[in-house]
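Peer 1: Structure below; questions to follow.
Just so you know, all these numbers are worked out from the coordinates, no wet-lab data involved. Model, not experiment: these values are computed from the prediction. Cβ coordinates were reconstructed from backbone atoms using ideal geometry, including for glycine residues, and neighbour counts include every protein chain displayed.
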Amino acid sequence: MIQLQQLHELFQEISKRIHEKRDELCELDGFAGDGDHGISMDIGFAAACAVSPDEFTDIGEYLKVCAKSFIQAVGASIGPLYGTAFLRAAKYATGKSALSAEDCVQMIQLGVAGMQERGKAQLGDKTLLDTLLPFAQTLRDSMDAQGSWADKVKTAMQEAHAGMESTREMVANIGRSSRLGERSRGGVDPGAASAYVVLQAGADLVSLRVGEFAG
Amino acid sequence: MIQLQQLHELFQEISKRIHEKRDELCELDGFAGDGDHGISMDIGFAAACAVSPDEFTDIGEYLKVCAKSFIQAVGASIGPLYGTAFLRAAKYATGKSALSAEDCVQMIQLGVAGMQERGKAQLGDKTLLDTLLPFAQTLRDSMDAQGSWADKVKTAMQEAHAGMESTREMVANIGRSSRLGERSRGGVDPGAASAYVVLQAGADLVSLRVGEFAG
Amino acid sequence: MKKILNNPSDFVDESLRGIVLAHSDMLRSVGDPRVIVRSDAPVRGKVAIATGGGYGHLPVFLGYVGQGLADGACVGNVFSSPSADAMLTVTKSIDGGAGVLYLYGNYFGDKMNFDLAAEMARDEGIQVETVRVTDDVASAPAEQMSKRRGVAGVFFVYKIAGACAESGASLEEVKRLAEEVVINVRTMGIGFSPCTIPASGKPTFEIADNEVEIGIGIHGEPGISRQETAPAKELVSQLLAHLTADLDLVPGDEVSILVNGTGSTPLEELYVAYKEAHSWLSQKGIKIFKPFVGEYATSLEMAGFSISVLKLDETMKALLQAPVNTPFIKQL
Amino acid sequence: MKKILNNPSDFVDESLRGIVLAHSDMLRSVGDPRVIVRSDAPVRGKVAIATGGGYGHLPVFLGYVGQGLADGACVGNVFSSPSADAMLTVTKSIDGGAGVLYLYGNYFGDKMNFDLAAEMARDEGIQVETVRVTDDVASAPAEQMSKRRGVAGVFFVYKIAGACAESGASLEEVKRLAEEVVINVRTMGIGFSPCTIPASGKPTFEIADNEVEIGIGIHGEPGISRQETAPAKELVSQLLAHLTADLDLVPGDEVSILVNGTGSTPLEELYVAYKEAHSWLSQKGIKIFKPFVGEYATSLEMAGFSISVLKLDETMKALLQAPVNTPFIKQL
Ligand SMILES: Nc1ncnc2c1ncn2[C@@H]1O[C@H](COP(=O)(O)OP(=O)(O)O)[C@@H](O)[C@H]1O
Ligand SMILES: Nc1ncnc2c1ncn2[C@@H]1O[C@H](COP(=O)(O)OP(=O)(O)O)[C@@H](O)[C@H]1O
Ligand SMILES: [Mg+2]
Ligand SMILES: [Mg+2]
Ligand SMILES: [Mg+2]
Ligand SMILES: [Mg+2]
């Protein structure tokens, strides 16, 4: 089972990695966007980390405050997308003090669905969904199958990576870059890239602590 | 004696010559001013010409309307300078239907004094006065001397020419170009150049019609 | 980049601080310096209007906060949406019990944040409705009206919805009228030269010395064509041909128009455009009721202008004349 | 040159035509399209205020024609004095029997024309007095105050003299008060980049990408120094140090300030300047009474700004708050 404290550690790990990639992500956004994506993600996850887990026992309550903290820190596109995902996940987790692997998969599903509802984007629109949707779907599909969680996550991460890479040849169809049409082709979508960083942080924690997750 | 009709012809001659020099004068003004001097002079004298002499018997009345016509057409610096000169001359000529040579000299004196009063410039300030003042003074000084009017005008014109040329090495001390300071040195003052054109037209009429003036 | 600023990352907050300091009698910020409401908010019993969006468009958005227009606004970074949290704060600060209308330009980032804010506000028991302005004819074809972006025409929606709210109408009525205005307003812009976002330090687009961008967006989004500069008469008739066709205007119709400068185009030039618009419309038998000329929605120092046309009915005409008093826009 | 214009030589007249068409309820031209007076002129028994100068400085000069400010104005070509004849026409059109105050910036071309107009007006039996505004501290040393040019500070003189005239004061009183304001107002500007006069098509001056001109004039006249751009805080403190020293301000003094944009500097940046001015003055113990921020005197699309400081007394404070209503400037 995953404890509240571990979620906090996950946010810390994501925040650390996003911070390291901050300039790289801004550069990606500079290609067809306004060059601020690394900043927004950095600020957003730093805000989520700043919520102290010690004051909570209910994971739902904790995640709701993290969501609001993220939303407070970031507007742009990323604020409402991740904010909505966190809020949807928080709703599911309300009343829980620990999460099973199934709970996690369910929350990822709900979160990504929230992003899709908020942003109205489809697979192939050159957004973070091109990373997140394949990941979430592969993970869910593998839920009842044989094999370790570590392996399942690894497979899902391969799909996430392929999805992210596929945005390179896409034409942006939504959001700020869509106004460039054909000219938006040729660069990885920054949101897709940062989503991969987020997932990778989660995946690495899973493989490090594979025992706990199995528990 | 000079008749009202001849003044009209003088304005026509001035207007014709200024019109021909229009671009040249603008170019001179472009050196340290705003490049519009040829246009202003052209418009101003065209307006003075447009006043029909046939409706007048009083030279003062006629000149007053010419002055107002000039003033109506031109603002900038040239409007009030020539406008004031014409008004001062008109005042002197009020009640007269013909002008003697002495009247003409007197009117030139008064006109130039009016320009000086209006513009507060001194000899050497790099303005039209550097052409007009030497001309007017030389003419007045020669009034009671021996010799033909044609010669007297010729001498005065030499002074006017020297005055105009002297502005080339002057630094503008008044008006728009004065803000350039040292950088205004090296070009003939446009107002001084156009004043010479005006005087030359008058001088040529005098020498052409020397008989009439003597009369 | 020559700009009046200190650290580019402080630009928005320092500018807002200046606004609140200069106009403390009419505006105040609520906690977050990027949330600004009229000083008498909430006005009890009045429908409140909230707006917001990226910074850099003054008087859009803060400039419309005041009597006769909106009740509160929040802004994000330059050309970037403010957060849903800021919007929620505006909402809570201006709700006078009669509900809140979210009124803003149709940009996806803003929509996502306002929608999330509306969800959160409703959770807290506040009635919220939304109207998005879609006046930019160059941003999508007429059949896809809901995809069109909001540009300077938002002025007319603030003006009429604001006057309507001030008159004591219900949230439903204010919303319905705002939608009515949105349906009847069209805008198209022309860009001459770009602006520079302080944080990036680079121009928003590139354009040749003799070219203009017809149909440009308020953030420098490309329009429908790039062409050689032309006399004012031609540029204006090009815009008006698009606008009046899109609005199906016919002789006898009455309109208000807004000739809007996008930043560095002199007021003197905007009036040349107005003169041309006046004679073009007169020739077509279209009557101008109450024109507006000036900077009503800018893009920092972008050079260019837009024309907005609003097809009027008697209700709109009356409300267009109602008084306005904000630090930026006044009407007696 | 990308501008909204047709033939450059028609620029002024077409722009003015647009102004009169758009604001026919408040302004009218008198014969000459370059002579514009408030529509209710002459106001019987009220001292009338006439102003004028070159075109290209909107809202200076026409923008100040209306209730609470001036009664009429005439303009010349861009940056060039209007004719004495136009001034005479203004004078005759606005004189309500109580005399006319000529109030304008101290430029020699304007002075020559206004002086000639005054001569002609007096010939026709109209009482005329003159006050020239000399607020530009960078244009001449303090000992030669009468050589200083008039720039954005003219706003304060219009405002206070206009309110005074509106209150029914005599020509002598309005003149005296206008002189009092002139003595107490100082301005200094900073130029970032030039503007282009339509008729010439060339920029008014050249300046490097990283340089600013401190003390620039309203037609791009060189100032007191050219230096590298600096943070807003430094630029503002440089200006205020000059201004407050020239005015001999001491802690406890009360001032109004105007942060004026010269054309293409975004309003957002002007408020950064205001914020810096506020903190600089507060630190010196100088109190700001009623600040103004915006475009009050421009130079077409010149980029830059100026700060004007007016040292106040109780009379001025009261008049500063009086209402104003022109198509360009409004105060409730
Ligand atoms: N409607 C949307 N649905 C999903 N993702 C979106 C949407 N709009 C934008 N994005 C994602 O957001 C990323 C840009 O984020 P960011 O730069 O922070 O926001 P902004 O575009 O407002 O500057 C894009 O790369 C894309 O992945
Ligand atoms: N105060 C003055 N006194 C005498 N002449 C002047 C004065 N100011 C300007 N001038 C003359 O006017 C000329 C410029 O005329 P013009 O270009 O028509 O006016 P502006 O300077 O307003 O553009 C100068 O070359 C100078 O000879
Ligand atoms: Mg971005
Ligand atoms: Mg000139
Ligand atoms: Mg952004
Ligand atoms: Mg001139």
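Peer 1: In percent, how large is the relative contact order of segment C:186-332, given Cα pairs closer than 8 Å and 6 or more residues apart?
Peer 2: For segment C:186-332, the relative contact order is 29 percent.
Peer 1: Counting other beta carbons within 10 Å of each Cβ, put D:219, D:57, B:8 in order, fewest first. All intermediate terms of the calculation are to be shown ahead of the outcome.
Peer 2: Working: D:219 24, D:57 30, B:8 19.
Going from least to most buried by this count: B:8, D:219, D:57.
Peer 1: Would you mind checking which residues have amide H under 5 Å from residue C:128's amide H? H placed 1.01 Å from N; only 5 or more apart, or other chain.
Peer 2: C:100
Peer 1: Based on the alpha-carbon gyration tensor of chain C and its eigenvalue square roots a ≥ b ≥ c, which shape applies: rounded if a/c is under 1.5, prolate if not and a/b is larger than b/c, or oblate?
Peer 2: Oblate, since a/c reaches 1.5 and b/c is not below a/b.
Peer 1: While we're on this one: Between rounded, prolate and oblate, where does the protein assembly as shown land on the alpha carbon gyration tensor, with a ≥ b ≥ c its root eigenvalues, rounded for a/c under 1.5, else prolate if a/b exceeds b/c?
Peer 2: Since a/c reaches 1.5 and a/b is larger than b/c, the shape of the protein assembly as shown is classed as prolate.
Peer 1: Which distances, in nm and shortest first, link the residue C:142 label point to the same label point in every other copy, taking 7 Å along Cα→Cβ?
Peer 2: Its label point is 6.8 nm from the equivalent points in the other copies.
Peer 1: Go through segment D:266-271 residue by residue and turn each phi into a ³J(HN,Hα) via Karplus (6.51, -1.76, 1.60, θ = phi - 60°); whole Hz please, and just put x for glycine and proline.
Peer 2: x, 3, 4, 6, 4, 6
Peer 1: Follow-up question, since we're still on this one. Have a look at the DSSP beta bridges in the protein assembly as shown and tell me what percent are antiparallel, nearest 5.
Peer 2: Around 60 percent of the beta bridges assigned by DSSP in the protein assembly as shown are antiparallel ones.
Peer 1: Taking +1 at the Cβ of each Lys and Arg and -1 at the Cβ of each Asp and Glu, which of D:188, B:47, D:285 sits farthest along the dipole of the protein assembly as shown towards its positive end, judged by Cα position relative to the Cα centre?
Peer 2: Of D:188, B:47, D:285, it is D:285.
Peer 1: Also, I was wondering about something else. If you average the sequence gap of Cα pairs under 8 Å that are 6 or more apart and divide by the length of chain A, what percent do you get for the contact order? Write down the numbers at each step before the final one.
Peer 2: Working: 359 pairs, mean separation 49.2, N = 215.
About 23 percent, as a whole number.
Peer 1: Taking chain A as a Gaussian network, where each spring joins two C-alpha atoms under 10 Å apart, which residue of A:146, A:106, A:12 fluctuates the most?
Peer 2: Ranking A:146, A:106, A:12 by mean-square fluctuation puts A:146 first.
Peer 1: Right, another one. What percent antiparallel are the DSSP beta bridges of segment C:15-182, to the nearest 5?
Peer 2: Around 30 percent of the beta bridges assigned by DSSP in segment C:15-182 are antiparallel ones.
Peer 1: Hey, another quick one. With a 10 Å Cβ neighbour count serving as the proxy for reagent exposure, in which order, fewest first, do A:165, D:166 appear?
Peer 2: Numbers: A:165 15, D:166 20.
With the fewest neighbours first, A:165, D:166 line up as A:165, D:166.
Peer 1: Evaluate the charge dipole of chain C about its Cα centre and quote only its size in Debye, nearest 20, assuming +1 on the Cβ of each Lys and Arg and -1 on the Cβ of each Asp and Glu.
Peer 2: In total the dipole reaches around 420 debye.
Peer 1: Quick one: length gained pulling residue D:289 to residue D:241 fully straight, 0.36 nm per residue minus the C-alpha distance?
Peer 2: 15.4 nm
Peer 1: Continuing with this model, one more query. Excluding residues on the same chain fewer than 8 positions from residue B:68, give the lysines whose Cα lies under 28 Å from its Cα.
Peer 2: Of all the lysines, those that pass the test against residue B:68 - Cα under 28 Å, at least 8 places apart if same chain - are B:16, B:21, B:91, B:96, B:120, B:126, D:92, D:111.
Peer 1: Provide a whole-number value for the mean count of partner chain Cβ atoms within 10 Å of the Cβ atoms in peptide D:172-183.
Peer 2: For peptide D:172-183, the averaged partner shielding equals 0.
Peer 1: Now for a different question. Once phi is turned into θ = phi - 60°, what whole-Hz ³J(HN,Hα) does the Karplus curve with 6.51, -1.76 and 1.60 give for every residue of segment D:59-74, x standing for Gly and Pro?
Peer 2: Coupling constants for segment D:59-74: x, 5, 10, 4, x, 9, 8, x, 4, x, 10, 9, 9, x, 8, 9 Hz.
Peer 1: Hey, which aspartates and glutamates would be in cross-link range of residue C:202, C-alpha to C-alpha under 13 Å, not counting anything within fewer than 8 residues on its own chain?
Peer 2: A:34, C:301
Peer 1: Amide H of residue D:35 versus every other amide H placed in the peptide plane: which residues, excluding those fewer than 5 positions away on the same chain, fall under 5 Å?
Peer 2: The list, which skips near neighbours in sequence, is D:30.
Peer 1: Same structure, new question: Are any of the pairs A:64/C:330; C:147/C:287; C:2/C:159 more than 31 Å apart by Cα-Cα distance, and if so, which?
Peer 2: Too far apart for the 31 Å limit: A:64/C:330; C:2/C:159.
Peer 1: Setting aside same-chain residues fewer than 8 positions from residue C:284, which aspartates and glutamates have a Cα under 19 Å from its Cα?
Peer 2: Partners found: C:234, C:246, C:248, C:253, C:254, C:276, C:313.
Peer 1: What is the distance, in nm, between label points placed 7 Å from the Cα along the Cα-to-Cβ direction at residue B:20 and at residue D:122?
Peer 2: 4.2
Peer 1: How much FRET efficiency would the formula 1/(1 + (r/R0)^6) give for residue A:137 and residue C:313, where r is the Cβ-Cβ distance and R0 is 60 Å, rounded to 0.05?
Peer 2: Computed FRET efficiency for residue A:137 and residue C:313: 0.70.
Peer 1: If you take the square roots of the eigenvalues of the alpha-carbon gyration tensor of segment C:3-117 and sort them as a ≥ b ≥ c, do you get rounded (a/c under 1.5), prolate (a/b over b/c) or oblate?
Peer 2: It is oblate, given that a/c is not under 1.5 and a/b is not larger than b/c.
Peer 1: Between residue B:58 and residue B:12, what is the label-point separation in nm under the 7 Å Cα-to-beta-carbon projection?
Peer 2: For the pair residue B:12/residue B:58, the computed spacing is 2.5 nm.
Peer 1: Taking a spot 7 Å from the Cα of residue D:25 along the direction of its beta carbon, which residues of segment C:297-332 have an amide N less than 18 Å from it?
Peer 2: Answer for segment C:297-332: C:310-326, C:329-332.
Peer 1: Moving on. Compute a Gaussian network model of chain C, connecting alpha carbons closer than 10 Å, and tell me which residue from C:290, C:311, C:159 fluctuates the most.
Peer 2: Answer for the Gaussian network model of chain C: C:290.
Peer 1: Helix-only mean residue ellipticity at 222 nm, chain B, DSSP H runs n ≥ 4 weighted -39,500 (n - 2.57), per residue, nearest 500. What is it?
Peer 2: -23000 deg cm²/dmol
Peer 1: Within 13 Å, Cβ to Cβ, of residue B:118, how many net charges do the neighbouring residues add up to if Lys/Arg are +1 and Asp/Glu are -1?
Peer 2: Working: positive: B:88, B:120, D:111; negative: B:117, D:110, D:115, D:119.
Residues near residue B:118 contribute -1 overall.
Peer 1: Roughly how many whole Å is it from the C-alpha centroid of segment B:157-205 to that of segment D:35-61?
Peer 2: 36
Peer 1: Related question: Summing +1 for each Lys or Arg and -1 for each Asp or Glu, what net charge is found among the other residues whose Cβ lies under 15 Å from the Cβ of residue C:276?
Peer 2: Here the charged neighbours net out to -1.
Peer 1: Taking 7 Å along the Cα-to-C-beta vector as the label spot, tell me the residue C:234-residue D:211 distance in nanometres, rounded to one decimal.
Peer 2: Once both label points are built, they end up 3.7 nm from each other.
Peer 1: In peptide C:146-157, how many Cβ atoms from other protein chains are near each Cβ within 10 Å, on average?
Peer 2: Counting other chains' Cβ atoms within 10 Å and averaging over C:146-157 gives 0.
Peer 1: Another question about this same structure. Rounded to the nearest 5, what % of the DSSP beta bridges within segment C:185-319 are antiparallel ones? Mind dumping the intermediate values first?
Peer 2: Details: 22 of 29 bridges.
If I count the DSSP bridges inside segment C:185-319, around 75 percent turn out antiparallel.
Peer 1: Something else about it: What residue among D:304, D:261, D:31 shows peak mean-square fluctuation when chain D is described by a Gaussian network model with Cα springs under 10 Å?
Peer 2: Checking each option, the largest mean-square fluctuation is seen for D:31.
Peer 1: Can you give the angle from 0 to 90° between the axis of helix A:149-166 and the longest principal axis of chain A, with both taken from C-alpha atoms, to the nearest 10?
Peer 2: Approximately 10 degrees, to the nearest 10.
Peer 1: Considering only the other residues whose Cβ falls under 9 Å of the Cβ of residue C:331, what net charge follows from Lys and Arg at +1 and Asp and Glu at -1? Walk me through the numbers before you get to the answer.
Peer 2: Working: positive: C:159, C:330, D:330; negative: none.
Value of the local net charge: +3.
Peer 1: Taking neighbour Cβ counts within 10 Å as the exposure measure, how do C:281, B:129, A:81, D:69 sort from fewest upward?
Peer 2: Working: C:281 22, B:129 26, A:81 32, D:69 29.
Final ranking by Cβ density, sparse to dense: C:281, B:129, D:69, A:81.
Peer 1: Ok, one more. Could you give the size of the charge dipole of the protein assembly as shown about its Cα centre, using +1 on the Cβ of each K and R and -1 on the Cβ of each D and E, expressed in debye and rounded to the nearest 20?
Peer 2: Numbers: 100 positive and 140 negative charges, 239 e Å.
For the protein assembly as shown, the charge dipole is close to 1140 debye.
Peer 1: Find how much the distance from residue B:1 to residue B:154 grows on full extension, using 0.36 nm per residue of separation minus their present alpha carbon separation; answer in nm with one decimal.
Peer 2: 53.2 nm
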